Amino acid sequence: MNKIISKEHFSEKVVKLVVEAPLIAKSRRAGHFVIVRACEHGERIPLTIADADVERGTITLVIQAVGVSTKKICALEPGEYLTDVVGPLGQATHIENYGTVVCCGGGVGVAPLLPILTAMKKAGNRVVSVLAARTKDLIILEDEVRKYSDDVIIMTDDGSYGNKGVVTVGVEEVIKRERVDKVITIGPAIMMKFVALLTKKYEIPTECSLNAIMVDGTGMCGACRVTVGGVTKFVCIDGPEFDAHEVDFDQLIMRLKSFN
Amino acid sequence: MANENNATSLRNEAWREELRKKLTAKERAAIARVKMPELSPSYRITCNEEVNQGITEEMALVEAQRCLDCPNPQCVTGCPVGINIPTFIKNIERGNFHQAAVTLKQTSALPSVCGRVCPQEKQCESKCIHHKMGHEPVAIGYLERFAADYERTHGTATAPEVAPANGKKIAVVGSGPAGLSFAGDMAKNGYEVTVFEALHEIGGVLKYGIPEFRLPNSIVDAEIDGLRAMGVKFEKDCIIGKTLTYDDLHSMGFSGIFVASGAGLPRFMNIPGENLNGIMSSNEYLTRVNLMGAGRPEWDTPVLRGKNVAIIGGGNTAMDSVRTARRMGAERAILVYRRSEEEMPARLEEVKHAKEEGVEFMTLHNPIEYLGDENGRVKTMRLQKMELGEPDASGRRSPVAIDGAVIDVDVDLVIVSVGVSPNPLVPKSVSGLEVSRRNTIVVNEETMQSSISDLYAGGDIVRGGATVILAMGDGRSAAAHMHEMLQQ
């Protein structure tokens, strides 16, 4: 049982929870995720850790209410408990000083992107962040991102905030104006697919973080398998980050619809 | 060995000598082996109720008479945990069911589990003297289950004697059969034992893998409660190597660690189309249904259902999956196996039950490709027909493809059950730990000690995929040797 310490609504469907999990707070690194169950008969849901506070023994999760389980998690209030939180899982992000790193996040993908861009900044990189969403209200964590970015570009589909257009427009703008050594992309699979296509054209190494369907999250079930460079990988133990140019996004998108 | 002397002196007790004289060997041999009462196939495929109903008291009393109480009982040598089989059976014969259960618990941490899922026909029962006389062996497994169940349901259960606390802390990684068996033995020796489990339920494969129609969860929970009564502590949602490291365990004061993290990595065949929707591992399928309650009202986890379901493989897990598919509403449940039925590693009982439940067997067939519909859901499996060639390394005749003999079968769900590999999560997290090329932890086969002196390992993380009872045997053996080491 893990107590919810605080809750913040980013938008109608997007919630930030700070959850008591002292051991995970201590052992997690950027890129790690946890598996969460909202209740006794609940599903096991993978959620990337957005932040952690070792002193307070808490981790931060950002959840978008889309299905049965994420809705249950989002409905929990401070003082209530998540039935289970286990982790940290997956491979931590490889952090090094590449030079200039473009970090592009779409929707709630900005939450898992935050610890990575923070670590990239601390490693000495010039960090340019591109945040994208459908509309202004869905742009999250902008202040936190700004704190660890040398430049921030905001893209909205409807032009209600920042520049009008999709994420790739913002990324290409950066690529055209300066040398980019690395791109990190986290967001909907379709968004990452197009970021990968763009950066492939410019031959810029690109990492993506995949959010596949999982059950146990420890390598046991294989529900999260994805084809990377023609080889089947498990997102939970081989990932969640992979070379975006090698990921078969069409298969991933198809597999995400397994239960539709 | 002390055990043998003990067995002999138990055999020489007056009541037992009396009992032996009650019937002649010939009379005992003339009794027919008991038949396990079972739910009817038509009923049981509608639910998850346990198929084997267990033998009655009357049946047990008669079956126990069949045991000749041999002076040199070979059955015991066939038991990986060395249960004193004649002693427990003769206690049943004299009506002392409690003492029978106590005898079981001296060497087995989980008798009601073993009585249900052990392949007795390949172990204890395969060594029974009755075979030499051309008779069916004593139903040791049924009797084991009877004694353990009797004690549980009659509330006569007493926790085994525990040595005074010695102040030493022991960590167990994984709460499956190896870990539980180890934990029980170490608790008996007076250690403070904590079992760390990665999942949200205690029991490992006994919970996520073996279906309730073969091993009800309540049985597993009762055995776990027994261990709790002996002082064993359980920590769920804790992954050693991730949540806590090997070094963390040291700083927490643990002086010995037993790794029994299982074979948690499902194998696939790497054939075209295998990542289509509707194709999954037996681990995923069984975990969704058994552990996560998929298909039951009020449980959130979904599971895909199919009308035409194929299960690939011939082991116990394949049987569990195909029988689960029938219960989940499959009209056609097909077991696809590349060798013939004779080479199938599954228990005979499982094969029999599967057939009774209407499972179709397509032996000597091997999938080579899957084709999907426009939504990416599997709709066809392409099978290569096989024939048997020369025996391979396993001693079984190896399957050879028949040129050009390929057929297509309509399916909407495929469960791949072709084995598991050890989960690399724990081994990879301990630096200096010797690991084989197959990712199993390398141990001294006798002591179960790894290349790190205070780290022992057993079960599937060492064997790469075996049975519940072999895992339990490893747990016992590791406990005995770790205890010896820690006393020095």
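The values are calculated or read from the model by the stated rules, or taken from the named source; none is laboratory data. All values derive from a computational prediction rather than experimental measurement. A quick note on method: Cβ atoms are made from the backbone with ideal geometry, for glycine too, and the neighbour counts reach across all protein chains shown.
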Filtering the range B:40-62 for residues that are surrounded by 15 or more Cβ atoms within 10 Å (Cβ to Cβ), touching a Pro at 6+ places or on another chain (Cβ under 8 Å) and not hydrophobic (A, V, I, L, M, F, W, C) leaves a count of 4
What residue, of A:Lys7, A:Lys3, is at pLDDT 95 or above, farther than 30 Å from A:Arg134 by Cβ, away from chain B (no Cβ under 13 Å) and assigned to a strand (DSSP E or B)? A:Lys3
Just name the residue that is farthest from the chain's Cα centre (by Cα) out of those in the range B:246-257 that are away from chain A (no Cβ under 12 Å) and without any contact (Cβ under 8 Å) to a residue 60 or more places away in the chain. B:Ser251
Only one of A:Pro88, A:Pro22 is in contact with a His (Cβ under 7 Å, 6 or more places away or on another chain), at pLDDT 95 or above and within 14 Å of chain B (Cβ to nearest Cβ). Can you tell me which? A:Pro88
Which of the residues that make up the range B:275-311 are surrounded by fewer than 24 Cβ atoms within 10 Å (Cβ to Cβ) and among the small types (Gly, Ala, Ser)? B:Gly278, B:Gly293, B:Ala294, B:Gly295, B:Gly306
Matching entry among B:Lys127, B:Lys132, B:Lys169 (being without any contact (Cβ under 8 Å) to a residue 12 or more places away in the chain and surrounded by fewer than 24 Cβ atoms within 10 Å (Cβ to Cβ)): B:Lys132
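Conditions tested, residue by residue: (1) more than 9 Å from chain A (Cβ to nearest Cβ); (2) within 30 Å of B:Pro164 (Cα to Cα); (3) in contact (Cβ under 8 Å) with a residue 60 or more places away in the chain.
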| residue | (1), (2), (3) |
| --- | --- |
| B:Arg214 | yes, no, yes |
| B:Asp221 | yes, yes, no |
| B:Gly226 | yes, yes, yes |
| B:Glu235 | yes, yes, no |
| B:Leu244 | no, yes, no |
| B:Val259 | yes, yes, yes |
| B:Glu274 | no, no, yes |
| B:Met280 | no, no, yes |
| B:Leu304 | no, no, yes |
Selection within the range B:282-302 - of a type outside the set (A, V, I, L, M, F, W, C), in a loop (DSSP other than H, G, I, E, B) and either closer than 15 Å to B:Thr317 by Cα or at the interface with chain A (Cβ under 9 Å from one of its Cβ atoms) (or both): B:Gly293, B:Arg296, B:Glu298, B:Asp300, B:Thr301, B:Pro302
In the range B:404-488, which helices (runs of 4 or more DSSP H) lie fully inside it and hold 3 or more residues that are surrounded by 18 or more Cβ atoms within 10 Å (Cβ to Cβ) and of a type outside the set (Val, Ile, Thr)? B:468-487
Residue under question is A:Glu178, and the condition is that it be in contact with a strand residue (DSSP E or B) (Cβ under 6 Å, 6 or more places away or on another chain) and either surrounded by fewer than 16 Cβ atoms within 10 Å (Cβ to Cβ) or under 27 Å from A:Gly87 (Cα atoms) (or both); does it hold? no
In the range B:176-202, the residues that are away from chain A (no Cβ under 14 Å) and either of a type in the set (Phe, Trp, Tyr) or in a loop (DSSP other than H, G, I, E, B) (or both): B:Phe182, B:Asn189, B:Gly190, B:Tyr191
Residue match in the range B:232-248 (condition: polar (S, T, N, Q) and either surrounded by fewer than 23 Cβ atoms within 10 Å (Cβ to Cβ) or in a strand (DSSP E or B) (or both)): yes
